[in-house]
1. Could you list all residues from the range 177-196 that are in contact with a helix residue (DSSP H, G or I) (Cβ under 6 Å, 6 or more places away or on another chain) and either farther than 14 Å from residue 73 by Cβ or surrounded by fewer than 21 Cβ atoms within 10 Å (Cβ to Cβ) (or both)?
2. Any idea which of 92, 168, 137, 102 is in a helix (DSSP H, G or I), under 15 Å from the mean Cα position of the chain (by Cα), crowded, with 18+ Cβ neighbours inside 10 Å and in contact (Cβ under 8 Å) with a residue 12 or more places away in the chain?
3. When you look at residue 84, is it under 18 Å from the mean Cα position of the chain (by Cα), surrounded by 13 or more Cβ atoms within 10 Å (Cβ to Cβ) and in a helix (DSSP H, G or I), yes or no?
4. For residue 174, are the conditions met, namely being under 14 Å from the mean Cα position of the chain (by Cα) and farther than 29 Å from residue 208 by Cβ?
5. What residue, among those in the range 140-156 that are touching a helix residue (DSSP H, G or I) at 6+ places or on another chain (Cβ under 6 Å) and either under 27 Å from residue 192 (Cα atoms) or at pLDDT below 95 (or both), is surrounded by the most Cβ atoms within 10 Å (Cβ to Cβ)?
């Protein structure tokens with residue numbers, strides 16, 4: 001069967017791989033619970049009557065728009081596993097320079113109270129052309145998610161603090177964050193970080209080899 005062409009905007013309707021299961025030797029009664037959420041994710045996207053659309057904001061991308069492989073990350077700035085994955089993503093962009101595009105989608109979890117303000121602050125930074133610089137500051141060790149700290153990070157990037165504070169206080173990009181969350185929920189995103197590599201899902205802070213394998217497969221299929 002021919003795999004559907006991936007356009008960068010449409011989620012394919014079927015997949016061929018499940019991600020690695022839980023840590024070694026979990027208690028037997030925990031195994032079904034550990035499997036059920038990612039399994040429901042696969043079933044959700046596979047059974048959609050119409051493919052769920054993923055919008056791409058050029059300000060929240062790294063790499064060329066015409067790259068044959070697109071990695072879409074649904075992330076949360078207060079998520080420890082998301083933070084752990086950042087060096088892996090940076091290395092992949094270096095290894096596959098010109099062949100991979102990274103797209104960030106905000107998916108702040110309710111369990112992380114600082115994630116939503118950080119997401120809105122990052123969009124304020126994006127409007128000023130420094131999304132990735134601000135993104136990287138938010139993933140540094142010991143990040144403070146208070147209002148004062150979020151404004152302070154803008155100051156470190158030489159942004160106008162008063163204008164940035166006004167953007168943050170007005171929640172100017174609240175609707176954009178809500179739209180990302182709706183898209184993630186429509187896809188059945190089970191948590192953060194979740195990645196779509198030309199539409200193929202990878203969930204969690206996986207080793208770089210898992211990403212290399214998925215990228216190699218995408219390149220072999222002609223970036224489809």
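1. 177, 188, 190
2. Exactly one of 92, 168, 137, 102 is in a helix (DSSP H, G or I), under 15 Å from the mean Cα position of the chain (by Cα), crowded, with 18+ Cβ neighbours inside 10 Å and in contact (Cβ under 8 Å) with a residue 12 or more places away in the chain, namely 92.
3. yes
4. no
5. 150
The values are calculated or read from the model by the stated rules, or taken from the named source; none is laboratory data. Quick caveat: nothing in here was measured; it's all calculated off a predicted structure. Cβ: placed from backbone, ideal geometry, glycine included. Neighbour counts: every protein chain shown.
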